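To start, the structure itself, in structure tokens.
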Amino acid sequence: MSGTLNKVMLIGHTGDEVKMHWFEGGNCIGRFPLATNDSYVNKSTNERVVTTEWHNIVVRNKAAEICEKYLNKGDKIYIEGRLKTRKWQDDQGKDRYSTEIQCTDFTFLTPKNESQVSGQQTQSTPQMNTPSVQTQETSSTSPDTEDDDLPF
């Protein structure tokens, strides 16, 4: 196989609210942590062990605005994207590295009636990845018009 693949799919719970960063020209990015859990039974103690892995999620522009508006701490979400490692320098000038998930697609999994904001229920959660059908009005005098249930 000559090609390569950089694809990540995660289902987890948000660890914090979306932090937005705005740039000149109106572009923006949103960042939030995502927790995924793994569990197994320790054979020597017969005890269930749960480990949590934290992922840094980055969403851009309109997707970031949607996440900021509807995503709350603790909500369950499906994330699809790619890995990207950034290099940066800390206050002492040492090189640091940070691996992030550059989100390309997401689906909210927490039902809107379970999503909480400061003890109050959210107003509405958009249905992501739901196909939308645009209908066009045509004149009924056209000989090509037929009555059927097809959206196209």
Most exposed to least, judged by fewest other Cβ atoms within 10 Å, Arg31, Arg82, Arg48 sort to Arg48, Arg82, Arg31
Under the classification rounded if a/c is under 1.5, otherwise prolate if a/b is larger than b/c and oblate if not, where does the stretch 8-115 fall, given a ≥ b ≥ c as square roots of the Cα gyration tensor eigenvalues?
oblate
Proxy exposure order for Glu53, Glu65 (fewest C-beta within 10 Å first) is Glu53, Glu65
Note down the net charge around Ser39, summing +1 for each Lys or Arg and -1 for each Asp or Glu among other residues with Cβ under 13 Å from its Cβ.
-2
What share of the DSSP beta bridges in the stretch 8-115 is antiparallel, in percent to the nearest 5?
95
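Coordinate-derived values only; no laboratory data. What you see is a predicted model, and the numbers here were worked out from it, not measured in a lab. Because the Cβ atoms are built from the backbone with ideal geometry, glycine has one as well, and the counts that use them run over all protein chains shown.
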